[in-house]
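Here the structure comes first, spelled out in structure tokens, and everything after it is commentary.
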There are 2 protein chains.
Amino acid sequence: MIGRMGELDLLSHVFKHNAALPGRVIIPPGDDMAMLRLGDRDLLITVDQVADGVHVNCADTPLELVGRKAITRNLSDVAAMAALPVGAVVAAALPRDLGDANATRLFDAMRATAERYDCPLVGGDTMIWDGPLTLTVTVFAEPRGVTPVTRSGAKPGDVVCVTGRLGGAWRDGGADAPHLTFEPRIALARDLAQRLTLHSMIDLSDGLATDLRHVCERSHVDAEIDIATMPTRRGGDTDDTDSHGLTAEQRHALCDGEDYELCFTLDARDAASLPAKIDGVPITRIGRIVARAPGHDVACLRLVRPDGASNAFDASGWEHA
Amino acid sequence: MIGRMGELDLLSHVFKHNAALPGRVIIPPGDDMAMLRLGDRDLLITVDQVADGVHVNCADTPLELVGRKAITRNLSDVAAMAALPVGAVVAAALPRDLGDANATRLFDAMRATAERYDCPLVGGDTMIWDGPLTLTVTVFAEPRGVTPVTRSGAKPGDVVCVTGRLGGAWRDGGADAPHLTFEPRIALARDLAQRLTLHSMIDLSDGLATDLRHVCERSHVDAEIDIATMPTRRGGDTDDTDSHGLTAEQRHALCDGEDYELCFTLDARDAASLPAKIDGVPITRIGRIVARAPGHDVACLRLVRPDGASNAFDASGWEHA
């Protein structure tokens with residue numbers, strides 16, 4: 001079963017065996033976007049899929065939002081690098097019974113969303129098949145004067161911050177669920193990266209616990225999260241806690257996927273000058289980066305309770321399928 | 001049914017409604033690759049899908065060849081622009097029961113093929129699902145000193161040429177079928193474009209009749225094919241002809257898809273200096289470009305028999321699904 005190996009392991013295997021990558025690969029595979037240097041220009045690239053039954057349920061989601069998500073999911077990766085999009089291509093696998101009108105609605109939504117972010121759709125490939133609707137979008141971006149922020153620069157002593165509110169992006173259901181309507185944080189990321197020195201950044205697609213662990217793995221550090229500080233999406237019905245000392249809302253904030261908010265780290269002095277909000281979006285300090293525990297190969301995420309007690313958190317975030 | 005509308009119609013609809021594309025889109029959607037101008041560098045982009053049951057049958061095809069085809073299909077588009085590849089990303093939808101070892105074989109084949117053409121895999125997205133195996137590859141390329149050859153520059157009087165042999169790319173079946181083992185004509189295309197002024201070029205994926213008609217549509221011209229000159233893949237069993245005067249082998253050469261050879265046009269003087277072969281690959285003159293018939297909006301492809309009789313050929317080439 002591939003589920004056992006997992007996406008990251010599979011891609012890691014592949015990329016580990018990449019023969020010496022040509023000098024033009026400046027940010028290698030494994031970040032939110034890869035970066036190629038072409039002459040004196042840097043080009044960032046990301047690809048993501050949106051499949052019916054995996055990332056959306058077409059039966060109860062307007063096609064306009066399905067098309068929107070196919071684009072915005074990639075734009076969230078652009079935000080995570082503090083880059084600006086320049087263009088996109090889409091490959092669509094369309095069910096035989098979708099119909100022309102619906103196919104047109106879907107493509108119009110992708111085009112309009114892409115245009116809104118100045119990321120024109122410049123190419124595509126479609127096929128009609130008996131499988132589920134799948135949209136694969138590749139987006140190109142450029143640094144445009146802002147050094148891209150990777151996953152690999154977190155340093156012990158860094159403050160860990162997140163944008164927005166976390167958890168339950170799927171729970172509200174219906175057409176206004178956050179996983180469908182989220183705003184890619186491109187402008188906010190550019191603003192932050194221009195004001196301050198961000199050491200690392202990632203977008204929250206697999207869940208805070210999993211994504212922050214990705215940062216720790218690539219930066220060879222550990223992290224601590226002050227669980228009471230996490231900006232949960234809404235208050236829980238009860239204050240009951242589980243064996244990790246987490247309320248239901250805190251567990252959702254840690255483990256649910258598809259928030260498409262940003263998690264970034266920066267040194268404490270820079271963090272002191274962070275505003276509480278940027279353009280109405282909360283910026284919250286939720287923890288800190290610490291040195292990797294001696295003798296440990298694997299990143300450790302510790303949850304710290306208000307009374308100072310802490311424990312390692314092994315549960316992974318949410319992964320598709 | 002989308003089958004009625006067709007891929008080209010759907011994409012045409014979308015791209016027609018692209019708001020004024022930013023000035024950075026130099027070759028707009030609808031060619032083998034789009035081209036963006038980023039500063040003083042031009043970037044070409046293409047995306048293609050390979051799906052089990054549509055473009056390959058995994059049940060009787062080694063995964064190494066499935067992975068190879070996912071990359072080479074895109075590299076054939078790079079060849080059609082006379083460009084050089086610089087990198088690729090892949091999105092994979094993997095069946096739940098594929099297994100780690102098979103997933104690794106597949107990715108290793110994609111990586112090795114990409115490396116062979118100096119087109120490193122720099123990113124990926126994988127999902128595990130209940131649908132069929134699907135590989136979506138996006139390739140980036142650069143002109144590197146050769147002006148990209150589009151579909152839109154064919155001129156009346158041009159000679160129409162093709163590389164290699166056409167038809168039956170699927171018929172031989174098994175692991176040595178041409179649609180699995182074809183060689184993307186990158187070096188040959190660069191060689192041609194550096195020696196001669198190519199007016200238009202396309203790679204033959206949907207079948208000669210359909211693909212040459214794409215060139216005619218975008219160039220606002222018509223074309224004539226001398227049917228006896230087409231380089232068919234093998235002699236037919238009989239010389240029986242159909243109502244168009246075509247033998248079975250000629251019909252396959254015109255209508256089968258997935259040859260992944262090149263069809264290009266150039267003026268007669270340049271054509272006179274074409275060698276019969278380049279690096280062992282036959283270069284064959286098969287017809288000419290003529291002015292669009294007055295009052296006609298749609299391109300016309302005429303088949304010319306050895307006795308000079310001709311008729312318009314309406315049957316489309318082969319389209320997936």
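The values are calculated or read from the model by the stated rules, or taken from the named source; none is laboratory data. Not measured: the values here are computed from a predicted model. Methodologically, a virtual Cβ is constructed for each residue, glycine included, from the backbone with ideal geometry; neighbour enumeration extends over all protein chains shown.
Among the residues of the range B:165-220, those that are among the charged types (D, E, K, R) and over 13 Å from the mean Cα position of the chain (by Cα) comprise B:R165, B:R171, B:D172, B:D176, B:R190, B:D191, B:R195, B:E217, B:R218. Just one of the listed residues (B:A93, B:A82) is crowded, with 24+ Cβ neighbours inside 10 Å and facing another protein chain (nearest Cβ under 7 Å), namely B:A93. Note on the range B:234-277: residues that are within 19 Å of the chain's Cα centre (by Cα) and under 19 Å from B:P184 (Cα atoms) amount to 11. Of all residues in the range B:36-52, those satisfying the criterion of being surrounded by 17 or more Cβ atoms within 10 Å (Cβ to Cβ) and at the interface with another protein chain (Cβ under 7 Å from one of its Cβ atoms) are B:L36, B:L38, B:L43, B:I45, B:T46, B:V47, B:D48, B:Q49, B:A51.
When B:R234, B:R269, B:R292 are checked against the criterion of being touching a residue at least 40 places away in the same chain (Cβ under 8 Å), over 15 Å from B:L208 (Cβ atoms), out of contact with any helix residue (DSSP H, G or I) (no Cβ under 6 Å at 6 or more places or on another chain) and exposed (fewer than 13 other Cβ atoms within 10 Å of the Cβ), B:R234 stands alone in meeting it. Of all the residues in the range B:117-143, those that are at the interface with chain A (Cβ under 10 Å from one of its Cβ atoms) and under 18 Å from A:R24 (Cα atoms) number 11.
Residue by residue, here is whether (1) among the small types (G, A, S); (2) farther than 14 Å from A:C119 by Cβ; (3) touching an Asp or Glu at 6+ places or on another chain (Cβ under 9 Å) holds:
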{"position": "A:I27", "(1), (2), (3)": "no, yes, yes"}
{"position": "A:L38", "(1), (2), (3)": "no, yes, yes"}
{"position": "A:H55", "(1), (2), (3)": "no, yes, yes"}
{"position": "A:P62", "(1), (2), (3)": "no, yes, no"}
{"position": "A:T72", "(1), (2), (3)": "no, no, yes"}
{"position": "A:D77", "(1), (2), (3)": "no, no, yes"}
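Every residue, every condition in (1) out of contact with any His (no Cβ under 6 Å at 6 or more places or on another chain); (2) within 22 Å of A:G280 (Cβ to Cβ), yes or no:
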{"residue": "A:T150", "(1), (2)": "yes, no"}
{"residue": "A:G153", "(1), (2)": "no, no"}
{"residue": "A:P178", "(1), (2)": "yes, yes"}
{"residue": "A:D206", "(1), (2)": "yes, no"}
{"residue": "A:D211", "(1), (2)": "yes, no"}
{"residue": "A:V221", "(1), (2)": "yes, no"}
{"residue": "A:E224", "(1), (2)": "yes, no"}
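Do we have any residue at all in the range A:273-285 that's within 23 Å of A:T163 (Cβ to Cβ), assigned by TED's automatic domain parsing to the domain that holds A:L196 and touching a Lys or Arg at 6+ places or on another chain (Cβ under 6 Å)? No, because not a single residue in the range A:273-285 is within 23 Å of A:T163 (Cβ to Cβ), assigned by TED's automatic domain parsing to the domain that holds A:L196 and touching a Lys or Arg at 6+ places or on another chain (Cβ under 6 Å).
Selection of the range B:19-35 for residues being facing another protein chain (nearest Cβ under 8 Å) and part of a loop (DSSP other than H, G, I, E, B) yields B:A19, B:L21, B:P22, B:R24, B:P28, B:P29, B:M33.
Which of the residues that make up the range B:53-79 are at pLDDT below 95 and either under 25 Å from A:A51 (Cβ atoms) or facing chain A (nearest Cβ under 10 Å) (or both)? Correct list: B:G53, B:V54, B:H55, B:V56, B:N57, B:C58, B:A59, B:T61.
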